[in-house]
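FYI, it's all coordinate maths here, none of it is from the lab. On a predicted model such as this, the values are computed, not experimentally measured, just so you know. With ideal geometry, Cβ positions are generated from the backbone for all residues, glycine too; neighbour counts draw on all protein chains shown.
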Amino acid sequence: MGVETATVIIVIPLVKMASSQGGVGAVPALSNHHLSNGPHWNPGINQHQHHLHTTRSLDRALEDSVCSGTLNLSGRKLRDYPGLSYDLTDTTQADLSKNRLTEIPPEVCLFAPLESLNLYHNCIKCIPEAIINLQVLTYLNISRNLLSTLPKYLFNLPLKVLVVSNNKLLSVPEEIGKAKELMELDISCNEIQVLPPQVGRLRSLRELNIRRNCLHMLPEELADLPLIRLDFSCNKITEIPPVYRRLRQLQHIILDNNPMQSPPAQICLKGKVHIFKYLNIQACRMDKKPDSLDLPSLGKRCLPQPLTDRYTLLYHIRILFINWVVRALNANWLTTNNNTGMTKHVFLLDFCRSQPIRFLYVGVAFCRSSRQESSDPSFTMRRKMEHLREEMEQIGVLRQNLESRLKVLLPDDVGAALMDGVVLCHLANHIRPRSVASIHVPSPAVPKLSMAKCRRNVENFLDACKKLGVSQDKLCLPHHILEERGLVKVGMTVQALLELPASKPTQLSAV
């Protein structure tokens, strides 16, 4: 009886468990159910369902493009073109970006109405000749691929935007000059070493991005283009051609991370206006003789182009000013200064060579005043030159004060030496220790201070002057130092600072 009872106890749970799965003889089904809840469930079913879902969504995208004319197959990891069984010949925009295509699909090259083609981030190594069938294509983005060359026939298309950045291009073909309608060209992040001069034929080009290449020089032909934005940062360029001053419509110029020498890095940090002023001065220097200033030849030079550019206008104002100088010199105006022992003729030439930028501003002021005082040009010239001589003497006094107090030797351009405020802050601390608590100074890693740090130094210097007792009427303004436009005012401030009584007690707080 004990054996029979044990048999009944064993059979009854099995029957209950089996019956719960749908039948008495379902013991094997129990094992299958147990496996189905385990961690290693058969992945084939999920993959099959995902493949069906992807296929359905791809078919739906192709069906929509047949009706809309816009083909969007972006980010689908496609290796082959999937639209062979669909009539997409009326497509006007095609986006095949972020796939794994190794070539431009031949079927896409048959879309005659295609206006925009995006092939960004694929594995394309070449552009087929069949692309010339796209005779209305205006936008082509084939960046982040594996292109090593651009074919000549590509520039027979009516492209307005061409983006081929992040490839392996080594050069740009000369046929690029045929793309007369091109407005935006992006060939950044390649290995291009030289830009062909035919780039200067792109008369519609507005934006040019040649960032992060291996360029050593810029073609002068770019100066004739209506560029609005120019980016040649992260190259090996050392000089901006002076003819680039003719880029009158340029609004943004990006040139960081280049070993710039002309203009110097200090001028490049100031921005576009200062860069163009420098280029204009360089052009003026190139137009005259290297060892002498030929006043008659400069005075008789004709105007080669309309005065539409303000920098060109300043240049011709300078010539007009020299014309007046020639007239005054011809009137035997060669008196000698008793203090310096130099004739005013020599003083004028020295001033023109050493201070070319201020010479331009003086020329503007002179021409304005000469309109009202044209009855006696010799008197007007004498008064202007006396004023210039006094300014030069005051700047000389400023230099002498700084060099004698700080035991330093300042460069020829005093304004540039004082612009960052470091010398002036050291002068304030020399007068009264710790009057300027914090001074931003250049370092070997960062040889030029940013404009914000320069302004902070200048403001700290002026605050220290106030607390040391310099009167408000003798204080210069920050822009007199930062913009190098008020050295006489700076000289007055320094002179007042040096004349303060040494015994005057002044309680200073940290500036």
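Quick notes on this structure:
- Rounded to the nearest 20, the Cβ-based charge dipole of region 172-251 about its Cα centre (Lys and Arg +1, Asp and Glu -1) stands at 260 debye.
- All aspartates and glutamates inside 19 Å of residue 125 as judged from Cα atoms, apart from same-chain residues fewer than 8 positions distant: 80, 95, 103, 107, 186, 191
- A Förster radius of 35 Å combined with the Cβ-Cβ distance from residue 408 to residue 194 puts the calculated FRET efficiency at roughly 0.20.
- Positive-end residue of 392, 496, 457, charge dipole of region 392-499 with Cβ unit charges: 457
- Note on residue 472 and residue 445: the extension gain reaches 5.9 nm, defined as 0.36 nm multiplied by sequence separation minus the Cα-Cα distance.
- Paramagnetic label reach from residue 59 (point 7 Å along Cα→Cβ; backbone nitrogen cut-off under 19 Å): within region 86-127, residues 86-88.
- The modelled label-to-label distance between residue 67 and residue 129, using points 7 Å beyond Cα along the C-beta direction, is 4.1 nm.
- Cα centroid separation, region 397-460 to region 225-289: 27 Å.
- Flagged links, alpha-carbon separation over 32 Å, of 160/236; 180/270; 77/152: 180/270
- For the pair residue 393 and residue 438, label points projected 7 Å from Cα toward Cβ lie 4.3 nm apart.
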